[in-house]
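S.K.: Pasting in a structure now, in structure tokens, and then I'll have a few things to ask.
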Amino acid sequence: MGWDIAREKKTLENALKTKGLDFTATYLAVRDLHAIVRTYPETIKPETITILKGVLEGREHASQTQAYFLYREAADALASVVVRASGEPVECAIAALKHVLGTVAGDSHRATAEALGSLPFSIHGPKISEMTIQDIPSVNWQGISGKNGTTNGHAPAVLGRSLIASLDKEERLLVVKLACNEDSFQSILREAVWMEHLNSGGYSFPIRFHIPTPIKIKGGYVFRLQNIPVRMPEGIGLHPKRYAIGFIAHKGYFTYPNDHRMERRLTMEEFREVILRNAWLLGRLTSLGIVHCAPIPLFHNRIQRHRRPDNGIYEWQRGGRLDRWLGSCAYPNFGLTGIRDFEHLIAFNGLSRKLYPHIGTHILSLLLVTGSYFRHKDPEKVGLDGQGAPVDARELFDKSALKALIQGIFLSYYHGFVESEFTGEVPFNFDELASRMIEEMGVDRHMEEVLRVVDQEQMTDEAFRDFLQKSGYPEEEIANFKKGAKDIMIHTGPHLGGFNQRISLPELIEFVGSVSALCILDRYQKERLASPLGT
């Protein structure tokens, strides 16, 4: 049998070396070679690695519609060598995958990054009990504020759906966070439970991270707020039962790294410290199996989220258009005090390939917020000018500072996740990425969106008119629109990419994939070396 396998492997390798096969024959040969790698890893030699690497680097099939699946088979075969073989082939396969990661683009790059992102390692999140509530108590604002030490008697401030009052000469904040329509008491309860867990679970973070302390009302975290002493902003959509949680937070809890208000804007040095610290925290929490699923809200198409099976949520690996990127960065779930909005935390207990997209979402979010920091130097400079031309805000960016921030985000997240400093050469070009980010994030070329008939039909007449008004249509034009009669062009950007098109900044997606892949590869290697048997 060994002789037959050796002969079959040699035949497949010779066929692939000739590069004369059509797409289907190439795919089948790579698939069969991958099967041999999985079953007989001891037969793999450096020549096999070279041939598979050549498939990933080859461009003869790159224009094929199904090219991604060919590249995925080749990349997965190399990843199988890393996991199943030993000695020189393993080192050769890792070197080949890292080389491809830094030298190719498109489907081949995606397949390579995903193959590295699937390398197995052990991350097990904590067990967080899903608490059940029999009776939810009711309490008024005066009862909560008086019990927790507010003495000035002033009405609370309002930020979004939260009521805020200062404590301890403004060193701490009392926050009451109300549930929205789409929330249940379980969704806001989750946030309080995570606060309690992180405060009492024996965690230690060597850098600044202020974790709020949840308040208990009659032994539970969730309550119904009987009265709201101030007027809430329009459009919040509070839950009709007024579910809420309360917590005590550091005074900087609502200080955002990229605030567009000039009086609250951080200096470049302050921003750098905050963004890199949060990059490290996201990486470290993820390494502990505590994953933040929404550092910022990311959508492919948020108008269609109520009728799409994926809820319109952005899957960065697909490289599609990114909806309203600047708007998504308005209130990030990380800031001066560290990671925020714990309702988006999950305990991760799964395969590394399912962790790969989460890591990418973290990196993408950090980079987008970094881009928005520069744009918020002049928050009014956005959209289209008086002649309908895209606003050019590229002069708001500092390329050298952006490049340093990109590099710092990578190194900080990597250090938090892998728990060691990055060494070696990076398979990406920071200078080129900084230039491309400025080019695409600095010019609002993609403002258009189509409000489909099917989406109009799901709106009430009032919501339809309100949406058009917020999209910039004057009242006289809105009066002439008939809801559901035809698709309507609206301006809701800036987006990264045209409507129903690819992202206009593919270099950003490739960088995100590369960083995610490197983090998982090096975490895998670290665990493998730490294993008593080295496996």
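S.K.: If you average the sequence gap of Cα pairs under 8 Å that are 6 or more apart and divide by the length of the chain, what percent do you get for the contact order?
M.R.: 15
S.K.: Still on this structure, please answer the following. Quick one: what Rg and Dmax do you get for the stretch 260-385 from the alpha carbons, in Å?
M.R.: Looking at the stretch 260-385, its Cα Rg and Dmax stand at 15.3, 49 Å.
S.K.: Kirkwood hydrodynamic radius, the stretch 1-138, all distinct C-alpha pairs: what's the number in Å?
M.R.: 16.3
S.K.: Report, in degrees rounded to the nearest 10, the 0 to 90 angle that the Cα long axis of helix 88-103 makes with the longest principal axis of the chain.
M.R.: 60
S.K.: Let me ask something else. For helix 399-418, what angle does its Cα long axis make with the longest principal axis of the chain, in degrees from 0 to 90 and rounded to 10?
M.R.: Taking the Cα atoms of the chain, the angle to 399-418 is about 80 degrees.
S.K.: What's the local net charge at Leu198, with K and R +1, D and E -1, over the other residues with C-beta under 15 Å away?
M.R.: Result for the neighbourhood of Leu198: +1.
S.K.: Could you give the nm distance between label points at Phe23 and Ser435, where each point is 7 Å from its Cα heading toward the beta carbon?
M.R.: 3.2
S.K.: Note the direction-averaged projected area, equal to a quarter of the hull surface, for the Cα convex hull of the stretch 423-514, in nm².
M.R.: Value for the stretch 423-514: 8.0 nm².
S.K.: Please compute the contact order of the stretch 322-451 in relative form: average sequence separation of alpha-carbon pairs under 8 Å and at least six residues apart, divided by the residue count, as a percent.
M.R.: 26
S.K.: So, one more: Return the tail of the calculated pair distribution for the stretch 101-245, meaning the percent of Cα-Cα pairs more than 27 Å apart.
M.R.: 40
S.K.: Can you give the FRET efficiency to the nearest 0.05 for Ile236 and Glu421, using r as the Cβ-Cβ distance and R₀ = 35 Å?
M.R.: Efficiency at R0 = 35 Å is approximately 0.20.
S.K.: On to the next question. 7 Å from Cα along Cα→Cβ at both Gln469 and Arg7: what's the point-to-point distance in nm?
M.R.: According to this spin-label approximation, the distance is 8.1 nm.
S.K.: Take the Cα atoms of the chain, find their three principal axes, and give me the spread along each one in whole Å, biggest first.
M.R.: So the extents along the principal axes, rounded to whole Å, are 86, 61, 46.
S.K.: Checking the table Lys177/Lys377; Lys381/Lys483; Lys177/Lys218; Lys9/Lys53; Lys147/Lys216; Lys177/Lys241 against a 22 Å threshold on Cα-Cα, which pairs fail?
M.R.: Over 22 Å apart, Cα to Cα: Lys177/Lys377; Lys381/Lys483.
S.K.: Simple spin-label model, 7 Å along Cα-to-Cβ: His99 to Asp341 in nm?
M.R.: 4.3
S.K.: While we're here: For the chain, give the percent of accessible area contributed by carbon and sulfur heavy atoms, probe 1.4 Å, rounded to a whole number.
M.R.: The nonpolar share, carbon plus sulfur, comes to 50 percent.
S.K.: Which FRET efficiency, nearest 0.05, do Gln186 and Thr255 yield, Cβ-Cβ r, R0 45 Å?
M.R.: 0.95
S.K.: Can you tally the net charge around His34? Count Lys and Arg as +1, Asp and Glu as -1, for every other residue whose Cβ sits under 9 Å from the Cβ of His34.
M.R.: -1
S.K.: Turning to a different aspect of this structure: Of the options Phe185, Pro257, Gly283, report the single residue whose Cα projects farthest towards the positive end of the charge dipole of the chain (beta-carbon charges: Lys, Arg +1; Asp, Glu -1).
M.R.: Phe185
S.K.: Dipole magnitude of the stretch 294-451 about its Cα centre, charges +1 at Lys/Arg Cβ and -1 at Asp/Glu Cβ only, in debye to the nearest 20?
M.R.: Its charge dipole is roughly 520 debye.
S.K.: Could you name the aspartates and glutamates whose alpha carbon sits less than 17 Å from that of Lys45, not counting residues in the same chain fewer than 8 places away?
M.R.: Hits, sequence-local ones excluded: Asp4, Glu8, Glu13, Asp32, Asp76, Glu88, Glu91.
S.K.: Right, something else. Roughly how big is the chain's charge dipole about its Cα centre, with Cβ charges of +1 (Lys, Arg) and -1 (Asp, Glu), in debye to the nearest 20?
M.R.: 1160
S.K.: What is the helix-to-structure angle for 67-84, meaning the angle in degrees between its Cα long axis and the longest Cα principal axis of the chain, kept from 0 to 90 and rounded to the nearest 10?
M.R.: 80
S.K.: Something else now. Which whole-Hz couplings ³J(HN,Hα) result when phi for each residue of the stretch 510-519 is put into the Karplus expression 6.51 cos²θ - 1.76 cosθ + 1.60, θ = phi - 60°, listed in order with x for Gly and Pro?
M.R.: Running phi through 6.51 cos²θ - 1.76 cosθ + 1.60 with θ = phi - 60° gives 5, 5, 4, x, 5, 5, 4, 5, 4, 4 Hz.
S.K.: Quick one: putting +1 on the C-beta of Lys and Arg, -1 on the C-beta of Asp and Glu, what dipole do you get for the stretch 382-521 around its Cα centre, in Debye to the nearest 20?
M.R.: With only Lys, Arg, Asp and Glu charged at Cβ, the dipole is about 200 debye.
The values are calculated or read from the model by the stated rules, or taken from the named source; none is laboratory data. Keep in mind that what you see is a predicted model, and the values were worked out from it rather than measured. Cβ coordinates were reconstructed from backbone atoms using ideal geometry, including for glycine residues, and neighbour counts include every protein chain displayed. Remember, those area values only see protein heavy atoms, side chains included, never the ligands or the DNA or RNA. Shrake-Rupley method; radii C 1.70, N 1.55, O 1.52, S 1.80 Å.
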